[in-house]
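Enquirer: Submitted below is the structure of interest, expressed as structure tokens.
The values are calculated or read from the model by the stated rules, or taken from the named source; none is laboratory data. What you are looking at is a predicted structure, and each value in this text was computed from that prediction instead of being measured. Cβ placement follows ideal geometry from the backbone for every residue including glycine, while neighbour counts extend to all protein chains displayed. Accessible surface is based on the protein model in full, side chains and every heavy atom, while ligands, DNA and RNA are left aside. Shrake-Rupley method; radii C 1.70, N 1.55, O 1.52, S 1.80 Å.
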Amino acid sequence: MKKFLKLFSLFLWDSKLKLSRAMEYRFDFVLGTIVNLIFSCVGPIMQYLIFTQTKGFPGWNLNQIILFQGILLFVLALKSILWGEVPGYIVSLVRRGDLDRLLLKPFPSIGIILSSGFSANNFGTLISSIFLITYSLFILDLDPRFFDVIMLLVYIFLGLLLFMAMNIILASAIIILINMGRLNEIMESLSRFGQYPLEIYSNTLRAVFVGIVPFAIWVNYPSRILLYGFQGSMLYSVIFCTVFLAGSLCLWSTCLKRYTSGGG
């Protein structure tokens, strides 16, 4: 627990430092946030066009899809803010042989890497997601119970843990492959399966996204908690998410034993 608190302090210090650097050029930071805010609206607009020009998504109306999209943007923004720089950072460490330096520190090396992943480039997306969620709650006249709000936060946290596990898997692969290449794009493509309602997938894929690789934790479950309240069947994904995270840490430990410094 003490090491975790120190790693959290390291994350806060690193975040403050990067924010200070970004604010050295305030106009550039504000302009970047505005551009990011504009581009983050593309997803909801595309979802609106798809919904209105097709039969939509089974079991979802337009306002519910707007809520779904708002939660999606919120989770993606948090993921990028917390760990947006992890892929580039681990590549730099491995290619230069600087990972050796982290191995000498009295903290888990993967903890230090994750604590250094803060990115200040997605605050615009975070702002737009909060607006969409607030709008949807008002339009849908939702008044979630206190317990449901707590479970909503729990599942958003679990979704972030799942993102963290995928970053650990990516970092493990980079130790072996040295160069990231298109690996990050492959991981991003896989994660997109969790960016749509489960109803569009077959029963087999639904079982995979709930059990084996619990993508449903990201957006589907938080959206359903707000719309219909927490359901006991959602607990299964907590177990699978925990197993997935533990597996990623085991993979990191295994790959770290094969690290040979200075580009392999």
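Enquirer: Considering segment 189-207 alone, what residues qualify as being without any contact (Cβ under 8 Å) to a residue 60 or more places away in the chain and open to solvent by 40 Å² or more (accessible area, probe 1.4 Å)?
Expert: Within segment 189-207, 189, 190, 192, 193, 202, 203, 204, 205, 206, 207 qualify.
Enquirer: Within segment 138-150, does at least one residue satisfy the condition of being in contact with a helix residue (DSSP H, G or I) (Cβ under 7 Å, 6 or more places away or on another chain) and within 29 Å of residue 7 (Cα to Cα)?
Expert: Going residue by residue through segment 138-150, those that are in contact with a helix residue (DSSP H, G or I) (Cβ under 7 Å, 6 or more places away or on another chain) are 139-140, 142, 144, 148.
Right, trim to within 29 Å of residue 7 (Cα to Cα) and you get none.
No, every residue in segment 138-150 fails to be in contact with a helix residue (DSSP H, G or I) (Cβ under 7 Å, 6 or more places away or on another chain) and within 29 Å of residue 7 (Cα to Cα).
Enquirer: Next up: Out of segment 103-134, which residues are open to solvent by 40 Å² or more (accessible area, probe 1.4 Å) and either among the hydrophobic types (A, V, I, L, M, F, W, C) or modelled with pLDDT under 90 (or both)?
Expert: Matches in segment 103-134: 103, 104, 105, 106, 107, 108, 121, 123, 127, 130, 131.
Enquirer: Pairs only if they're at least six apart or on different chains, beta carbon under 6 angstrom, first in segment 162-184 and under 14 Å from residue 99 (Cβ atoms), second modelled with pLDDT under 85 and not in a helix (DSSP H, G or I); list them, first residue then second.
Expert: From residues that are under 14 Å from residue 99 (Cβ atoms), the pairs are 174/180; 175/259; 178/263; 178/264.
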